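Step one of this worksheet: look at the structure below.
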Amino acid sequence: MSQLIQPRVLKGFRDYLPEAMMPRERLIETARQVYRSYGFAPIDTPTLEYLEILTGKGSEETDKQLYKFEDQGGRNVGMRFDLTVPLARFSAMHVPQLGTPFKRYHIATVWRGEAPQAGRYREFMQCDFDTIGTTSSVSDIETTLVIHDLLRAIGFSAFTIRINNRLVLTGLLEKLGLSEKSTLVLRALDKLAKIGPDKVVAEMTEIAGASQAQATAIVNLANVSEDVGGDSSAVLSRVAPMVSGNEKGEAGVELLQEHMAAVSAAGVSPQAVRLDVAIARGLDYYTGVIYETFLNDLPGIGSVCSGGRYDNLAGLYTKQQLPGVGASLGLDRLLAAMEQLGLIEKVRTPADVFIPFFDETRLHDYLRIAAELRAAGLGVEFYPESKKLDKQLKYADKRGFRFALIIGGHEFAEGKAQLKDLAQRESVELILEDQCAAIAAEVEQRR
RNA sequence: GUGGCUGUAGCUCAGUUGGUUAGAGCGCCAGAUUGUGGUUCUGGAAGUCGGGGGUUCGAAUCCCCUCAGCCACCCCA
């Protein structure tokens, strides 16, 4: 008698059943296609990195969330908590050979030891894309277009990409003499939509150490988008005087203007991209344009695709200055959202055609026919047991097969096959001789 | 990491003031004169009541610890 081990998974970690995995893989495939269509090339990096690579940058918060341990050789190692830090290390090592601009995408799992919640896990997948080694605003604009195409390709029409430029905020902070406290001030500002202006002002004065007047000035700027209803030229004409006289602030306004015009010229609808001077992003390293993407039907789940421009990606690892811009699609958060919105199609089988094991003596014929159909491009599942036909068909139905190819003693005798359309509940007789072409054609036509 | 709520068959849940063999629906498996699936009928399997400890004559029901989920804070995808 052996003691059973209780089967269980760690907090924030999950098993993926076929019905969860199929849409997941479809999403990954969609992301790949969109990234490639803009010339981004795939890379991968190790799950584990030397601890100093991962802890060097980022806040104490990310350090706390880092999974770290000592490996068998006594090295201090950590599991990557995002794909940006590995990209920075990768770029320091390889971009000199690869040349710039370097455009890569990276779809991989990352780990963070934080408290899980709906749409937040300890193990989750990110789909990053970045353009390294250019300061051109064209890459900023292209990044917006990629996010847009990506969400459209996934099947969303109601989403909003919120754009801002850190230079505007940096400019204002410089003007107000608050540059030193920017991290805490911006972190407070990031909560504007959530907790409202009064509490933001309170946090800025109490935690970030800003004066009442300084905090109010920042909140006033951030509120402009709200005040004028999101029209980008109206927003900019209100914001411009607030940062006038400051070089960075003025540059930021100009870049935003150019960005919005270019995106619109590329055919993106104005509803999909909005200028929002309130978004700040908590991360320190952003220096230019910043992005956050919300689903209109489920804003509470947070941003599903975020990113921005940074001046110096790999400064910790190389003296070469590597500017860049990019964004990250939160695959698992997006899937959680799609699940909540009922957008996940329940498909449980990856194959098109089901062949029941009908006549026990014809195993070789079934295997041959299945092989020929696969060669003709169809996915075919052959049932491994020759049990009652109704059981086998019930299985096919449950798994969501669209077609069953029924070939029993009668069919074999007459050289025919019966293709049953399980969704339409109808059958057609086909000649076995040329069944491959005929069946493939019939399936294609009905699909 | 901190605080709140929750945890009963595969799923959704019911279980009276702690009291005998823990229930339902759906699902699953097997049948309804052995070649055809979503309906119907019949039968069946399946639960250490998240796990561990305690109080009690007796606990799914009370207490403690622990694990997990959800929510808030924090941070972010």
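The values are calculated or read from the model by the stated rules, or taken from the named source; none is laboratory data. Here the structure is a predicted model, which means the values were calculated and not measured. As a convention, Cβ positions derive from the backbone with ideal geometry for all residues, glycine included, and neighbour counts pool all protein chains shown. When the accessible area is computed, the model is the full protein with side chains, heavy atoms only, and any ligands, DNA or RNA have been set aside. Shrake-Rupley method; radii C 1.70, N 1.55, O 1.52, S 1.80 Å.
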Equivalent ellipsoid dimensions for segment A:76-122 as semi-axes, Å, which come from the Cα gyration tensor, largest first: 28, 13, 6
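Once you have the Cα-Cα distance between residue A:157 and residue A:75, take 0.36 nm times their residue separation minus that, and quote the gain in nm to one decimal. Before the final figure, lay out the partial values.
On the way: separation 82, 0.36 × 82 = 29.52 nm, distance 4.79 nm.
Fully extending the segment from residue A:157 to residue A:75 adds 24.7 nm.
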Under 19 Å from the Cα of residue A:319 - lysines, other chains or at least 8 residues apart: A:57
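Once you list every other residue whose beta carbon is under 13 Å from the beta carbon of residue A:50, what net charge do they have if Lys and Arg are +1 and Asp and Glu are -1?
Details: positive: A:68, A:75, A:80, A:89; negative: A:49, A:52, A:70, A:71.
Net local charge, residue A:50 excluded: 0.
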Segments A:91-104, A:128-141 sorted - mean Cβ within 10 Å per residue, highest first: A:128-141, A:91-104
On Cα atoms only, tilt of A:212-227 relative to the major axis of chain A in degrees: 40 degrees
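Using just the helices of chain A, give the 222 nm mean residue ellipticity in deg cm²/dmol: DSSP H runs with n ≥ 4 each add -39,500 (n - 2.57), and the total is spread over all residues, rounded to 500. Mind showing how you got there, number by number?
Numbers: 16 runs with 197 residues, N = 447.
Calculated at 222 nm, the ellipticity per residue is -14000 deg cm²/dmol.
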Coordinate range along principal axes, alpha carbons of segment A:10-58, Å, largest first: 37, 37, 18
Bins of 10 Å, starting at 0 and running to the largest distance - Cα pair percent for segment A:18-340: 6, 25, 35, 26, 7, 1, 0
Residue A:403 long-range amide H proximity, modeled H, under 5 Å: A:354, A:422
Percent accessible area from carbon and sulfur atoms, chain A, protein chains only, probe 1.4 Å: 50 percent
Translational diffusion coefficient (Stokes-Einstein; Kirkwood radius from C-alpha pairs) of segment A:191-269 at 37 °C, 0.692 mPa s, in µm²/s: 235 µm²/s
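What is the Å³ per residue value for the convex hull set by the Cα atoms of segment A:115-246?
176 Å³
Over all distinct alpha-carbon pairs, what is the Kirkwood Rh of segment A:353-446 in angstrom?
13.0 Å
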Fraction of alpha-carbon pairs over 21 Å apart in segment A:40-148 - percent: 44 percent
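For residue A:387 and residue A:100, calculate 0.36 nm times their separation in residues minus their Cα-Cα distance, and state this gained length in nm to one decimal.
Working: separation 287, 0.36 × 287 = 103.32 nm, distance 6.16 nm.
Taking 0.36 nm per residue and subtracting the Cα distance, the gain is 97.2 nm.
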Simple spin-label estimate for residue A:359 and residue A:19 in nanometres, 7 Å along Cα-Cβ: 3.6 nm
Accessible area expressed per residue, chain A, with surrounding protein chains retained (probe 1.4 Å, Å²): 50 Å²
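Please list, by residue number, every one of the trypsin sites (Lys or Arg not before Pro) in segment A:10-96 that is coil in DSSP and has at most 14 other beta-carbon atoms within 10 Å.
Working: sites: A:11, A:14, A:24, A:26, A:32, A:36, A:57, A:64, A:68, A:75, A:80, A:89; in loops: A:11, A:14, A:57, A:75, A:80.
When the trypsin sites (Lys or Arg not before Pro) of segment A:10-96 are filtered for loop state and at most 14 Cβ neighbours within 10 Å, A:11, A:14, A:75 remain.
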Between helix A:232-243 and chain A: long-axis angle, C-alpha atoms, 0 to 90°, nearest 10: 30 degrees
Gap separating the Cα centres of segment A:154-207 and segment A:229-291, nearest whole Å: 13 Å
Chain A: antiparallel DSSP beta bridges as a percent of all, rounded to 5: 85 percent
On Cα atoms only, tilt of A:137-154 relative to the major axis of chain A in degrees: 30 degrees
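Could you work out the equivalent-ellipsoid semi-axes for segment A:273-384, taking the square root of 5 times each eigenvalue of the Cα gyration tensor, largest first, in whole Å?
Numbers: eigenvalues 522, 91, 20 Å².
Semi-axes from the Cα gyration tensor: 51, 21, 10 Å.
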